[in-house]
Amino acid sequence: MSIATLSPLFSSAGELVADLRRQGYAVLSPAGVSELTHCSLASLDALRPSWDRLLPDTYLKDGGRYRRRRHSCFLVEGERVTQVPHRAHWQPLEYNALHGGMRRWFEPMEPQVVAQVCWDRLLCTLSQVFSRLRPEQPGDAQAGVRPWYVEAHQFRIDTTDGIGRPTPEGAHRDGVDYVAVFLVDRSGVKGGETRVFEAAGPHGQRFTLTLPWSLLLLDDARVIHESTPIQPLTDEGHRDTLVLTWRSGGFQGDGV
């Protein structure tokens, strides 16, 4: 059965920063991601088997069994990426009314995943993109180098419960500076439409990411986002994503 979806309007790698400045979000095609990061799609695909080894999210307050995940944190300073000691994921209730206000301890990403050369390239390249969008801050280590506090989330949303919810908290902001959402895999499902809205205006866009390693970038202060539920087309449908968040000044939850 054919399921109609709206395709995103892709930015080119050269237009990416300008598009983010203009509208608060941008979408790159897989080819655009490869051009921007100098990571081949084959090297990115080497990460994909780890999604088959994600563990159940035991914190879902809606009682669902549809989400698996891993979580790790990194400090990016120029060309240097450092994985920090494992820590809980925390968000304030202001940004996550469903799961905010509690420390959620997920299993870390596997060492063989973060050891891949393309992993550091993804984090460094996108950090450079986001640094171009903001002026230097007093806490920057040196001219042109801003330390970024990056959280990485591997997600698998499946249809175990008959329906899977990529964003059970609904339309939201993440409480960070920037967000990157990579579609890693999509198999045997319908739905999962991405919706991006102005945080302080009437306009919005909707589209469906279908190509592995397509990328949505968001200025978290300017836009609200969500993904609609997925439903099964086969017995074992799922949607895999890699969500990365960038924050200056420290990780969410520091000092709480």
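The values are calculated or read from the model by the stated rules, or taken from the named source; none is laboratory data. The structure presented is a predicted model; accordingly, all values stated were derived computationally and were not measured. Cβ atoms come from the backbone with ideal geometry, glycine included; neighbour counts cover every protein chain shown. Calculation scope for accessible area: heavy atoms of the full protein, side chains included, ligands and nucleic acids excluded. Shrake-Rupley method; radii C 1.70, N 1.55, O 1.52, S 1.80 Å.
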Q) Among the residues of the stretch 231-243, which ones are open to solvent by less than 30 Å² (accessible area, probe 1.4 Å) and over 16 Å from ARG48 (Cβ atoms)? A) GLY237
Q. Can you name the residue in the stretch 16-59 that is within 30 Å of GLU198 (Cβ to Cβ) and of a type in the set (Lys, Arg) and is also most open to solvent (accessible area, probe 1.4 Å) among such residues?
A. ARG22
(Q) So, GLY63, is that one of a type outside the set (Val, Ile, Thr) and either modelled with pLDDT under 95 or at positive phi (or both) or not? (A) yes
Q: Quickly run through the stretch 196-230 and pick out the residues that are buried (at least 17 other Cβ atoms within 10 Å of the Cβ) and free of Cβ contacts under 8 Å to residues at least 40 places away in the same chain.
A: PHE197
Q: For residues that are assigned to a loop (DSSP other than H, G, I, E, B) and touching a Lys or Arg at 6+ places or on another chain (Cβ under 6 Å), scanning just the stretch 61-90, find the one that is least open to solvent (accessible area, probe 1.4 Å).
A: ALA88
Q. Within the set of pairs 6 or more residues apart or between chains, which connect a residue that is more than 19 Å from LEU209 (Cα to Cα) inside the stretch 28-44 to a residue that is aliphatic (A, V, I, L, M) and crowded, with 19+ Cβ neighbours inside 10 Å with Cβ atoms less than 8 Å apart?
A. THR37/LEU122; THR37/LEU126; CYS39/VAL33; CYS39/LEU122
(Q) Please verify whether ALA141 is farther than 19 Å from ARG68 by Cα, of a type in the set (A, V, I, L, M) and modelled with pLDDT under 95, treating the condition exactly as stated. (A) yes
Q: Please indicate, with yes or no, whether at least one residue in the stretch 195-206 is at pLDDT 95 or above, under 12 Å from the mean Cα position of the chain (by Cα) and not hydrophobic (A, V, I, L, M, F, W, C).
A: no
Q) So which residues in the stretch 146-186 are open to solvent by 40 Å² or more (accessible area, probe 1.4 Å), of a type outside the set (A, V, I, L, M, F, W, C) and in contact with a strand residue (DSSP E or B) (Cβ under 6 Å, 6 or more places away or on another chain)? A) TYR149, ARG173, ARG186
Q) Considering the stretch 1-27 alone, what residues qualify as being touching a residue at least 12 places away in the same chain (Cβ under 8 Å) and among the hydrophobic types (A, V, I, L, M, F, W, C)? A) MET1, ILE3, LEU6, LEU9, PHE10, ALA13, LEU16, VAL17, LEU20, ALA26, VAL27
Q. Identify, please: which residue in the stretch 99-130 is polar (S, T, N, Q) and under 16 Å from the mean Cα position of the chain (by Cα) and is, among those, surrounded by the most Cβ atoms within 10 Å (Cβ to Cβ)?
A. SER127
Q. Tally time: how many residues in the stretch 61-76 are over 23 Å from TRP246 (Cα atoms) and out of contact with any Ser or Thr (no Cβ under 6 Å at 6 or more places or on another chain)?
A. 4
